[in-house]
1. So how many residues does the stretch 8-23 have that are modelled with pLDDT of 90 or more and either on the phi > 0 side of the Ramachandran plot or of a type in the set (G, A, S) (or both)?
2. Give the stretch 23-69 a look and list any residue that's among the polar types (S, T, N, Q) and over 21 Å from R12 (Cα atoms), or say none.
3. Within the stretch 163-173, restricting attention to residues that are of a type outside the set (S, T, N, Q) and farther than 15 Å from A94 by Cβ, which residue is nearest to the chain's Cα centre (by Cα)?
4. Do you know which residues across the stretch 162-182 are open to solvent by 70 Å² or more (accessible area, probe 1.4 Å) and modelled with pLDDT under 90?
5. Here is a check on your reading of the model: is A26 modelled with pLDDT of 90 or more, surrounded by 20 or more Cβ atoms within 10 Å (Cβ to Cβ) and under 20 Å from the mean Cα position of the chain (by Cα)?
6. Of all helices (runs of 4 or more DSSP H) completely enclosed by the stretch 11-116, which ones contain at least 3 residues that are of a type in the set (S, T, N, Q) and touching a helix residue (DSSP H, G or I) at 6+ places or on another chain (Cβ under 7 Å)?
7. How many of the residues in the stretch 57-85 are surrounded by 14 or more Cβ atoms within 10 Å (Cβ to Cβ) and over 20 Å from the mean Cα position of the chain (by Cα)?
8. List every residue pair whose Cβ atoms lie under 6 Å apart, where the two residues are 6 or more positions apart in sequence or sit on different chains, the first residue falls within the stretch 40-55 and is under 13 Å from A24 (Cβ atoms) and without any contact (Cβ under 8 Å) to a residue 40 or more places away in the chain, and the second residue, located anywhere, is open to solvent by 70 Å² or more (accessible area, probe 1.4 Å) and of a type outside the set (G, A, S).
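The values are calculated or read from the model by the stated rules, or taken from the named source; none is laboratory data. Predicted model, so just to flag it, every value in this text is computed and none were measured. When we count neighbours, we look across all protein chains shown, and the Cβ atoms used for this are built from the backbone with ideal geometry, even at glycine. Surface areas here come from the heavy atoms of the whole protein model, side chains and all, with no ligands, DNA or RNA. Shrake-Rupley method; radii C 1.70, N 1.55, O 1.52, S 1.80 Å.
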Amino acid sequence: MPPASEGPPARRRDAEENRARIVAAAREVFATAGFAAPLDAIARRAGVGRATLYRNFPDRFALGAAIFEANLVALEALARELRGRADAFMTLLAAIVEQQIEGHALVPALLRGPGVRDLQALALRVMRLLAAPLRRARTAGAIRRDLTPADVLASLAMISAVVADDASVASRRRRATRALDLLIHGLAPRGE
């Protein structure tokens, strides 16, 4: 008798490719048309039928969580690449803000959806990936000594609120850049 395998069965390559195309299409459609965009538009953009989309993602919240997961996997890869670098924290922070600009409607919608627990688990992963770079940045004097990962998540939530429901990528980028600048440099004038 063969040994029991752990975890779900492996997907066929074409099924994995379909899933990846659906996530990529959803990222693009949600970025331009918002989280309420028709799922049919995502299926068309991905080049799959509705049945394939729904077999992979029962609803838009599952699809949004998959985008968030893919973003997090990319951030974890970037964190590994930056391991030990003094600028790792600020580089990761900028990458997260760029993801927020792209997925402006994603986090607010997911926070209202049925998978909010899954989103909280993903937020814990974000906190873990930021922990070591944050310690290095504090030690180097690049950031406040009392800044915590929870503070960073709160700051990112503020930036998310600034870009939410703004249809223009250029406007989201301007607003997010300004918000990040204010968060990094504070409200008090420097040198006074």
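1. Step one: list which residues in the stretch 8-23 are modelled with pLDDT of 90 or more, which gives 16-23.
When the remaining residues are screened for being either on the phi > 0 side of the Ramachandran plot or of a type in the set (G, A, S) (or both), the result is 20.
Counting residues in the stretch 8-23 that are modelled with pLDDT of 90 or more and either on the phi > 0 side of the Ramachandran plot or of a type in the set (G, A, S) (or both) gives 1.
2. Selection gives T32 alone.
3. A164
4. Kept after step one, since they are open to solvent by 70 Å² or more (accessible area, probe 1.4 Å), are these residues of the stretch 162-182: 165, 167, 173-175, 177-178.
Listed by number, the residues that qualify are D165, A167.
5. yes
6. On the way: elements: 13-33, 39-46, 50-56, 60-82, 88-102, 106-112.
Output list reads 88-102.
7. Of the residues in the stretch 57-85, 0 are surrounded by 14 or more Cβ atoms within 10 Å (Cβ to Cβ) and over 20 Å from the mean Cα position of the chain (by Cα).
8. Correct list of pairs: A43/R50; A46/R21.
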